[in-house]
Amino acid sequence: MPVDNSGDGIETDRRFETLAVDFAPALSHWDTSVYVTQQRNDGLRDRQAVGTTGAICAPQLVSGQLCRLRHRIPVLECFGAAGTLQLPDRWQLTMDLEHRNAPLITTENALIGQPFTTLSELRKIYSEQQIADLARDRTPVLSTYSISALKQLGERFQAIMDVFYTKLTDTPPSGGVEEFTGTQGNDISYQVQLLGSSLLRTNDFNQVIVRYEHDTDLQCARLAVHLPFSVFGAWRAGPRILFQRKVTDTGYTSIFYAPYGHIDYQRHGHVLEIEGGAELGKNPAGLEIGNTTRLFVSIGYRINF
């Protein structure tokens, strides 16, 4: 009997059952799982799905998931695949593909944008079929795809090249709820990372990231440099620099700088981090927000166990 908040106590109006079967042959390089699930909410069938996952572990790893809702909302709910392939000459190729409803489609999604909090209240106005249609209308589809290539450059350097794609669909107006506009066009990002370790002393780790992304409304270029070096014992210190340039579809250009220093101490699961610096923003007059300046100091302490 699931609840949205653990402090709500036991609620008997919502119930779910799930049955899963795993199969992994002995000494094989693959395994799979099949499951069925059903959930009811306020007397309505909230969600009914069947899905499968599989994995292959050899020179490559591939996994996928497929869910399908039945009853009044028959849709492909989620499909995902991820894999890593080791190539000659110290290359590694990684792929991550996902196409799913966001959020997962349930009958309860029909409450999004409505002045009601329960499905029983909604049933006083709409039929079960109309509620199922509203749930479908309130649920956009999210597609996220990424491909990454890693190249080992000697013993101290790595280069990583990434491409990211994101698409969120629109949702139509219905039931008194306005339409929702998803991503306009294709949101594509390109990123290159250069990683170096033990350049001056053992356990040094340095990172340079260049990223470019664009869609129909905005183009953005980012540069991030992180150069921590071992000082003594478990202490590390070094500069960090962030630079960002945004250009809107109307021609406005904004520039952001963030130079700051970083100190950390890591030992036996204890991590102390100290940062201090400035964030400077330069904006065109047409945006009417002016230039920005912010000074900051940040101290954090974590215990890992």
List the number of the failed condition for LYS151; all other conditions in (1) free of Cβ contacts under 8 Å to residues at least 60 places away in the same chain; (2) within 30 Å of PHE205 (Cβ to Cβ) hold.
-> (1)
Counted residues in the stretch 190-245 being touching a Cys at 6+ places or on another chain (Cβ under 9 Å) and either acidic (Asp, Glu) or open to solvent by 70 Å² or more (accessible area, probe 1.4 Å) (or both) come to 3
Restricting attention to strands (runs of 3 or more DSSP E) lying wholly within the stretch 196-269, give those where 1 or more residues are closer than 27 Å to ASN291 by Cβ and among the basic types (Lys, Arg).
-> 205-214, 218-226, 235-248
Given (1) open to solvent by less than 60 Å² (accessible area, probe 1.4 Å); (2) of a type outside the set (Gly, Ala, Ser); (3) under 27 Å from PHE164 (Cα atoms), PHE256 misses just (1)
Report yes if LEU287 is open to solvent by 40 Å² or more (accessible area, probe 1.4 Å), of a type in the set (A, V, I, L, M, F, W, C) and farther than 26 Å from VAL192 by Cα, otherwise no.
-> yes
Out of the stretch 115-139, which residues are surrounded by fewer than 13 Cβ atoms within 10 Å (Cβ to Cβ) and over 12 Å from LEU44 (Cα atoms)?
-> PRO115, THR117, LYS124, ILE125
Restrict the check to the stretch 178-193 and report whether at least one residue is free of Cβ contacts under 8 Å to residues at least 24 places away in the same chain and in a loop (DSSP other than H, G, I, E, B).
-> yes
Are any residues in the stretch 136-157 assigned to a loop (DSSP other than H, G, I, E, B) and among the aliphatic types (A, V, I, L, M), and if so, which ones?
-> none
When you look at LEU142, is it closer than 26 Å to GLN184 by Cα, touching a strand residue (DSSP E or B) at 6+ places or on another chain (Cβ under 6 Å) and open to solvent by 20 Å² or more (accessible area, probe 1.4 Å), yes or no?
-> yes
Any hit, the stretch 260-281, residues being within 22 Å of ILE188 (Cα to Cα) and acidic (Asp, Glu) | no
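The rows are residues; the columns are (1) in contact with a Ser or Thr (Cβ under 6 Å, 6 or more places away or on another chain); (2) of a type in the set (D, E, K, R); (3) at pLDDT below 95; (4) over 22 Å from GLN158 (Cβ atoms).
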{"residue": "SER197", "(1), (2), (3), (4)": "no, no, yes, no"}
{"residue": "THR202", "(1), (2), (3), (4)": "no, no, yes, no"}
{"residue": "ASP217", "(1), (2), (3), (4)": "no, yes, yes, yes"}
{"residue": "HIS226", "(1), (2), (3), (4)": "no, no, yes, no"}
{"residue": "TYR257", "(1), (2), (3), (4)": "no, no, yes, yes"}
{"residue": "ASP264", "(1), (2), (3), (4)": "no, yes, yes, no"}
{"residue": "HIS268", "(1), (2), (3), (4)": "no, no, yes, yes"}
{"residue": "ILE299", "(1), (2), (3), (4)": "no, no, no, yes"}
{"residue": "PHE305", "(1), (2), (3), (4)": "no, no, yes, yes"}
Pairs, please: C-beta under 7 Å, at least 6 apart or cross-chain, first residue closer than 19 Å to PRO172 by Cβ and without any contact (Cβ under 8 Å) to a residue 60 or more places away in the chain and in the stretch 116-136, second of a type in the set (Val, Ile, Thr) and open to solvent by less than 10 Å² (accessible area, probe 1.4 Å)?
-> LEU122/ILE131
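The values are calculated or read from the model by the stated rules, or taken from the named source; none is laboratory data. Predicted model only: the values in this text are computed from it and were never measured. We place every Cβ from the backbone using ideal geometry, glycine too, and count neighbours over all the protein chains shown. In case anyone asks, the SASA skips ligands and DNA or RNA and just uses the protein heavy atoms, side chains included. Shrake-Rupley method; radii C 1.70, N 1.55, O 1.52, S 1.80 Å.
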